[in-house]
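For reference, the structure is listed below as structure tokens.
The values are calculated or read from the model by the stated rules, or taken from the named source; none is laboratory data. Here the structure is a predicted model, which means the values were calculated and not measured. Here the Cβ positions follow ideal geometry from the backbone for every residue, glycine too, while neighbour counts run over all protein chains shown.
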Amino acid sequence: MCDLHDESTPCTTRREALTTLRTGALLGALGALFTSNAAEAAPAGPALSKSQQAAMTADEILAMMKRGNERFRAGKTHAHNELREQREATVAGQYPAAMLLSCMDSRAPAEVIMDLRVGDIFNARVAGNVINEDMLGSMEFACKVAGSKVIVVMGHTRCGAVKGTIAGAKLGHLTGLLERIRPAIDATTFTGERTAENYAFVDAVAEKHVALTVASITERSTVLAELVRAGTIKVVGAMYDLESGALRFLA
Ligand SMILES: [Zn+2]
């Protein structure tokens, strides 16, 4: 597989390799003899290329996310001074490996908690990670047109949207949004206090909501259902724990 944020490849090595790659490209342009040596040392680069995206399997993409989350939890994320290189490398095109639907909660930014780069994923965020026609259309574009092979629906602990739904909150357009979460309340098996004040229950509903959303994606989208049947993509759920920083993929 391609070398994506692998633990064995620290940032400094990647930067050095990138410099080597750029030097190699320059030498190649000048018709020098050392181009092949530079090509052998070619790293993953600052962003996913089309060929790297095509070569990755869904399981490899999920493993990339898990490794990134482990780095995040350990406080060993990659250096932010690489962001400029990532921006420059993605201007001409994007080849995201996955499409992520997550809550807008300011404490759960997907790229940060998975230590991903600019261009690695499509990231759709909305309160309570709810699905609608527009979101399904975005997922269809990501997977059918842009080559992404994984859809991740990511919920999180202590979710305000889930809490509000349990509490029966009503406010303008928010009322309709929270209604999309309501089926998860009835579907959640829970012994204990089923209230918005009990975070054990709130988290259980959030996880059930993720599972129902994952199921509804292929129920409602024939485009995505066909891609899943063909083994081209995977649709998976995940829960992010605000307290521990751990991202747990659901079976
Ligand atoms: Zn939330």
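Of these, R87, R107, R73, which one is modelled with pLDDT of 95 or more and in a helix (DSSP H, G or I)?
R73
Within the stretch 119-129, take every residue that is within 16 Å of the ligand (Cβ to nearest atom) and surrounded by 23 or more Cβ atoms within 10 Å (Cβ to Cβ) and give me the one that is farthest from G237 (Cα to Cα).
Checked the stretch 119-129; the qualifying residue farthest from G237 (Cα to Cα) is G128.
Would you mind telling me which numbered condition in (1) crowded, with 19+ Cβ neighbours inside 10 Å; (2) at positive phi; (3) of a type outside the set (K, R) G192 fails?
(1)
Could you count how many residues in the stretch 139-161 are within 16 Å of the ligand (Cβ to nearest atom) and over 13 Å from the mean Cα position of the chain (by Cα)?
6
So, in the stretch 95-118, of the ones that are surrounded by fewer than 22 Cβ atoms within 10 Å (Cβ to Cβ) and either among the aromatic types (F, W, Y) or farther than 22 Å from E243 by Cβ (or both), which residue ends up nearest to the chain's Cα centre (by Cα)?
The selected residue is V118.
Within the stretch 148-161, track down each residue that is out of contact with any strand residue (DSSP E or B) (no Cβ under 8 Å at 6 or more places or on another chain) and either assigned to a helix (DSSP H, G or I) or crowded, with 18+ Cβ neighbours inside 10 Å (or both).
C159, G160, A161
Across the stretch 81-115, what is the total count of residues that are closer than 16 Å to K149 by Cα and out of contact with any strand residue (DSSP E or B) (no Cβ under 6 Å at 6 or more places or on another chain)? Break it down into steps so the answer makes sense when it comes.
Quick first cut of the stretch 81-115, residues closer than 16 Å to K149 by Cα only: 94-101.
Checking the rest, the ones that are also out of contact with any strand residue (DSSP E or B) (no Cβ under 6 Å at 6 or more places or on another chain) come to 94-95, 97.
Qualifying residue count, the stretch 81-115: 3.
Given N81, N132, which one is surrounded by fewer than 20 Cβ atoms within 10 Å (Cβ to Cβ) and at pLDDT 95 or above? Walk me through it before giving the result.
Numbers: N81 fails: at pLDDT 95 or above.
It is N132.
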